[in-house]
Amino acid sequence: MRSSSAARRNQKLKRLKNRSVLLGVSGGVAAYKTADLVRRLKDDGASVTVMMTGAAQQFITPLSLQVASQNTVYTSIFQDPLTHISLPAQADIMLIAPATANIIAKFANGIADDILSTAFLAFQGPVVVAPSMNWKMYEHPVFQANLKRLLSLGIRQVGPESGPLACGEEGAGRLAEVAAIIDAVAAAMTEQDLAGKKVIVSAGPTREYLDPVRFISNRSSGKMGFSIARAALRRGAEVVLISGPTALKSPSGAVLRQVDTAAQMLRAVTEETEKGASVLIMAAAVADFRPAEQARTKMEKQRVRAIALDRTEDIITRIASRKKRPFIVGFAAETGPDLKRAMLKMQTKKMDMIVFNDVTEEGAGFETDTNSVVIIDRKGKVRTGLRSKDEIADAILDRYLKIKTRLYFPILLKN
Ligand code: CTP
């Protein structure tokens with residue numbers, strides 16, 4: 001038990017391994033969240049050096065961020081005379097979180113009068129800004145013009161989110177979630193090899209209702225599909241995520257379509273593929289059966305003897321029969337190591353690729369953060385071994401790209 005949970009922890013994908021993040025904290029109330037941000041960047045493998053404006057120090061102390069980053073925190077250009085040149089020279093990426101209206105105005109106009117704004121001018125790599133402020137300030141045309149200027153120069157923006165603000169008002173201005181900021185940092189340093197592609201991903205279970213309160217469903221958590229959506233976004237794709245009920249947060253940047261039943265999922269997948277898509281990845285555990293009849297009111301248990309079931313329509317088969325169809329990736333969750341059923345499934349449903357996993361294998365079942373799969377297509381098989389679901393997602397997308405660009409070198413396995 002102990003060793004398997006340790007193994008699982010070690011499976012966490014260090015997306016920012018050996019990357020050096022120069023984090024600029026400016027003076028917004030959300031600055032207090034940066035201790036967690038620093039910790040999570042480090043969890044992802046990054047080394048973090050923090051610079052703070054004077055106003056930022058009103059909200060969080062340099063000491064807190066020194067402890068979190070285990071690094072010197074820079075608060076002044078004169079702390080060490082050449083740091084505004086040496087810090088950017090050593091960094092792979094610059095992240096400004098929270099980014100106030102003031103610091104964005106300085107960046108947009110080349111004003112360099114503090115450690116953040118001078119380091120910004122001396123930095124030649126990718127920059128991500130996470131704006132956070134009152135919604136009226138965010139919507140102000142002067143602020144918007146400054147932000148637009150930065151975006152036109154290739155600077156990336158993450159957030160803000162809408163919701164209750166520190167000032168008691170509601171609107172767009174909340175600092176993006178830490179996970180979304182880290183996704184944006186990872187994306188800024190990832191080759192955009194899916195740019196221009198539209199990826200439709202289905203995820204999670206479906207619910208097939210017996211009556212308004214009871215349904216038949218399955219144990220799918222949606223984690224695999226959400227990992228695929230995040231990986232495709234990070235690699236520059238346009239992503240539509242069609243998800244059954246899950247407890248997961250939608251990856252920022254994806255178009256999320258929430259559905260309940262297999263019939264709703266079929267409709268959403270059909271509509272999205274009709275608009276045109278490069279690839280459809282069916283990671284959802286779509287119910288194969290639904291109750292033949294649905295009661296309008298709650299059924300009385302004394303009256304129920306047996307439940308008659310009907311088959312649901314197969315989504316992959318429907319999409320695969322279309323003339324103009326995307327590249328189709330299906331999943332086969334099996335309870336044993338035999339690949340034959342999966343291969344047969346790929347042929348009968350006319351998929352282009354199938355991802356096999358044996359749910360009885362340790363760390364490869366439901367609700368886990370890891371998986372171990374065999375990616376099968378007409379040219380061969382790739383066995384991933386036990387990996388994080390994020391890594392498996394990248395392996396699936398790598399294989400898809402290799403097939404599309406005919407650069408594959410099939411690794412043929414014995415069974
Ligand atoms: N799928 C689908 N439409 C359905 C059911 C499943 O498109 N109505 C997709 C799933 O999203 C998955 C693949 O088909 O990509 C799984 O195939 P399926 O034959 O349903 O696998 P199992 O449910 O494991 O089937 P079986 O019980 O026959 O093993």
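Tabulated data
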item	result
Looking only at segment 257-271, and only at residues there that are in contact with a helix residue (DSSP H, G or I) (Cβ under 9 Å, 6 or more places away or on another chain) and aliphatic (A, V, I, L, M), the one that is farthest from the ligand (Cβ to nearest atom)	V259
Candidate set from segment 343-360 (those that are assigned to a loop (DSSP other than H, G, I, E, B) and near the ligand (Cβ under 10 Å from one of its atoms)); member that is surrounded by the most Cβ atoms within 10 Å (Cβ to Cβ)	M351
Which numbered condition A277 fails, given (1) away from the ligand (no atom under 16 Å from the Cβ); (2) in the same structural domain as R325 (by TED's automatic domain parsing); (3) part of a loop (DSSP other than H, G, I, E, B)	(1)
Residue ID - surrounded by the most Cβ atoms within 10 Å (Cβ to Cβ), chosen from residues in segment 217-255 that are farther than 28 Å from S372 by Cβ and modelled with pLDDT of 95 or more	E238
Segment 325-342 - residue that is more than 23 Å from E313 (Cβ to Cβ) and not small (G, A, S) and, of those, farthest from the ligand (Cβ to nearest atom)	P337
Matching option when the condition is crowded, with 16+ Cβ neighbours inside 10 Å and either in contact (Cβ under 8 Å) with a residue 24 or more places away in the chain or farther than 15 Å from Q258 by Cα (or both), among A203, A195	A203
Residues located in segment 308-324, provided they are part of a loop (DSSP other than H, G, I, E, B), within 11 Å of the ligand (Cβ to nearest atom) and hydroxyl-bearing (S, T, Y)	T312
Subset tally (residues that are surrounded by fewer than 16 Cβ atoms within 10 Å (Cβ to Cβ) and over 15 Å from P337 (Cβ atoms)) for segment 380-400	1
Filtered residues of segment 283-306 (kept if within 10 Å of the ligand (Cβ to nearest atom), part of a loop (DSSP other than H, G, I, E, B) and surrounded by fewer than 18 Cβ atoms within 10 Å (Cβ to Cβ))	D288
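The values are calculated or read from the model by the stated rules, or taken from the named source; none is laboratory data. Given the structure is predicted, the values throughout are model-derived calculations rather than measurements. Methodologically, a virtual Cβ is constructed for each residue, glycine included, from the backbone with ideal geometry; neighbour enumeration extends over all protein chains shown.
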